[in-house]
Amino acid sequence: MMGNGVGGSNVSDELQTIRPSASRVDRIGKSERDQRITRLRALMRDRGDEAVLLTPGSNLRYFAGVPWGQTERLVALILSAEQAVMICPKFEDSALAPVLQIDATFQYWEEDEDPNILVANVLSDMGIKSLAIDPNAPLWLYDRVRTATQETDIRNAEPMTTALRARKTATELALLHEAKQMTLEVHRRAARVLREGMRASEVRSFIDSAHRAIGADGGNTFCAVQFGEGTSHPHGVPGDPALKEGDLVLIDTGCSVDGYQSDITRTYAFGAPNSDIQRIWDIEKEAQQAAFDAAQPGVACGEVDLAARRVLESYDLGPDYRLPGLPHRTGHGIGLDIHEGPYLVKSDQTPLASGMCFSNEPMIVVPGQFGVRLEDHFYMTEKGPAWFTEPQHSYTDPFGKV
């Protein structure tokens, strides 16, 4: 038994006592989808785009509510100033129609037909000469649509989709908050089930089961469990290590609620603390706070990254991406995608604005020894940043309070 919230319990007991919240937040409804479509059409008009083509993935889910994965069969939404048309395999209509949350007509294609010709015909009937395509569309789709619509000016819809999705509404913030609170509770319970000799795969399995039990959309969206020297690799290394007394533990995981993502990392001691790790943990904590403090309305995203790096450099870590130090950006946007723009990286000059949401994770890597990453998320308000989850307070008591 370790104490301080690490060890002392077991998988069975934790899974038997974890429950979904009795009060769940509202999901995104048709009225909010309609508002998104209205804003997209306004941007289309400003840019001179006559239509947008959205493909399966987070953009189609954002605007139309369709939680559809990309396959070799073309599914797409064509949105013009006046019309919305779903392109769909005929045999999929009974699956797609019930999840569509906007008003649209359907155009179907059969298995032996070329759906790109159908796209070209729909655009021709609409009189469309300028089409912006979903930035998440695969290359093969872009190439086939371009070939089928040779007289149409093809553009990238990314400036519009990123601009609209970057600033979250109150409902989106509530969904993100719920997902992150779920993952934080799963983190607490994962720390309690740790025992010497436990495999990383056992911890991942528990975290997946716990996310399901607490009410997330399925289990983990991802999960990285690293022990000891493995923590010095930002996204881990192959293998299934066993936990040893004195190991550093780094767990990075998340889930989704109505498609909105969590992504939280905790780093703490299993057993006797290590003074070298404690020193780096304290610097990491200071850098994370400096990034948070720098995130003020109107400040460029890149300045937040630089604020964290200045802390590290003051302790002779870095500079830039040199190790020991921070090998990657300080943070990323989050919403329907775990990683989405804008980003907290020094090259991103996007001004921070109310409703933007970011991870804050200026990881410190000491090559061949260990790495420390504390990752929490914040959202921007008109007055400044606010945490979704309270940051970790202690290396040896990860879920206690100061």
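Bear in mind these aren't lab numbers, they're just calculated from the coordinates by the rules spelled out. Everything numeric in this text was worked out from a predicted model, so none of it was measured. Positions of Cβ are backbone-derived with ideal geometry, glycine not excepted, and every protein chain shown enters the neighbour counts.
A few comments on the model shown:
- Loop sites in segment 195-253: GluC sites (Glu not before Pro), DSSP, at most 13 other Cβ within 10 Å: GLU245
- Segment 50-156 - share of DSSP beta bridges that are antiparallel (%, nearest 5): 40
- In the chain, the longest principal axis of the Cα atoms and the axis of helix 170-193 are about 40 degrees apart.
- Put simply, the convex hull of the Cα atoms in segment 11-104 casts, on average, a shadow of 9.3 nm².
- Neighbours of ARG195, meaning other residues whose beta-carbon lies under 13 angstrom from its beta-carbon, give a summed charge of -3 when Lys and Arg score +1 and Asp and Glu score -1.
- Shown here: the chain, whose C-alpha atoms stretch 71, 45, 38 Å along the first, second and third principal axes, sorted largest to smallest.
- The H on the amide N of GLY325, modeled in the peptide plane, is under 5 Å from the matching H of GLY318, VAL365, each at least 5 residues off or on a different chain.
- DSSP beta bridge pairing in the chain, given as percent antiparallel to the nearest 5: 80
- Value of relative contact order over the chain, rounded to a whole percent, pairs C-alpha under 8 Å and six or more apart: 15
- Summary of the geometry: segment 188-222 and segment 33-83, compared by the centres of their Cα atoms, lie 36 Å apart.
- Reachable aspartates and glutamates from LYS90, criterion Cα separation under 16 angstrom, eight or more residues apart if same chain: GLU72, GLU110, GLU111, ASP112, GLU113, ASP114
- Summing Lys and Arg as +1 and Asp and Glu as -1 over all other residues whose Cβ lies under 9 Å from the Cβ of PRO398 gives a net charge of +1.
- Max mean-square fluctuation residue, GNM over the chain, Cα-Cα springs under 10 Å, options ASP240, ASP125, ASP93: ASP125
- Loop-located GluC sites (Glu not before Pro) in segment 17-100, at most 11 other Cβ atoms within 10 Å (DSSP): GLU72, GLU82
- Loop-located trypsin sites (Lys or Arg not before Pro) in segment 354-402, at most 12 other Cβ atoms within 10 Å (DSSP): LYS383, LYS401
- Cα-only Debye scattering, segment 186-275: base-10 log of I(q)/I(0) at q = 0.11, 0.20 Å⁻¹: -0.29, -0.90
- The helix-only estimate of mean residue ellipticity at 222 nm for the chain, built from DSSP H runs of length n ≥ 4 each weighted as -39500 (n - 2.57), is -11000 deg cm²/dmol after division by the residue total.
- Evaluated on segment 50-156, the Kirkwood hydrodynamic radius is 13.6 Å, with distances taken between all distinct Cα atoms.
- Mean separation of Cα pairs under 8 Å and 6 or more residues apart, divided by the residue count, gives segment 50-156 a relative contact order of 28 percent.
- Hull volume per residue, based on the alpha-carbon atoms of segment 214-256 and their convex hull, is 88 Å³.
- Pairs from the list LYS285/LYS383; LYS129/LYS168; LYS180/LYS383; LYS180/LYS244 with a Cα-Cα gap above 25 Å: LYS129/LYS168; LYS180/LYS244.
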